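K.L.:
Pasting a structure below so you can have a look.
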Amino acid sequence: MPIPLMESIHKTQKLPRTDSVLMGRAELLAPGDRDLIEAVLIRSQPTVSLGRIMNVDPRRIRRRVHRLGKRIISKKFLDAARSLAYLGEPEAKLARLYYCQGIPQRKLAAQLEMSPHQLRRKLDKLSAEITAISRMRQGGQIPRSDCA
């Protein structure tokens, strides 16, 4: 299923999101975050009942949902998600883990078994690639229909 990411950033912040757009973006999140977004925003489950089930304060759940919501409408998340099809497999994996799932750099460096310095250099290169792909999309060099 293609990920529906075609709306512009400006429209994203002003118009209400549809369930398909939210779920398309949530597919790129970590499994626990995806389930939380689906429960709260798609199925409209109250955070109080989720808090009871998870034995967590409902305010903590609301803050987490708020942070996740900010992440999935951020320009960097959308640019990275739209660029995944044009990146090589290692770069796409790194983009998914860092930009989409939001794994911190130290944890990511340990997970990928590399030094923080090596990871930072890879992330700098990846950021430049994502920016270049985004500019190519805006300039019409990459058709928008291919960047679902």
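Each value in this text was obtained by applying a stated rule to the coordinates, not by laboratory testing. Predicted model, so just to flag it, every value in this text is computed and none were measured. Because the Cβ atoms are built from the backbone with ideal geometry, glycine has one as well, and the counts that use them run over all protein chains shown.
K.L.:
Could you work out the Rg to Rh ratio of region 25-148, with Rh taken as the Kirkwood radius (inverse of the mean 1/r over all Cα pairs)?
P.N.:
1.04
K.L.:
Let me ask something additional. For the pairs Lys93/Lys125; Lys70/Lys125; Lys76/Lys125; Lys70/Lys122, note any where the Cα-Cα span goes beyond 19 Å. Don't skip to the answer; put the middle values down first.
P.N.:
On the way: Lys93/Lys125 14 Å; Lys70/Lys125 24 Å; Lys76/Lys125 14 Å; Lys70/Lys122 25 Å.
In this structure, Lys70/Lys125; Lys70/Lys122 lie more than 19 Å apart at Cα.
K.L.:
I've got another one for you. If you place +1 on the Cβ of every Lys and Arg and -1 on the Cβ of every Asp and Glu, how big does the dipole about the Cα centre of region 60-148 come out, in debye to the nearest 20? Spell out each step's value before the answer.
P.N.:
On the way: 21 positive and 7 negative charges, 153 e Å.
In debye, rounded to 20, region 60-148 gives about 740.
K.L.:
So what's the gap between the Cα centers of region 17-54 and region 73-148, to the nearest angstrom?
P.N.:
Taking the Cα centre of region 73-148 as reference, the centre of region 17-54 is 23 Å away.
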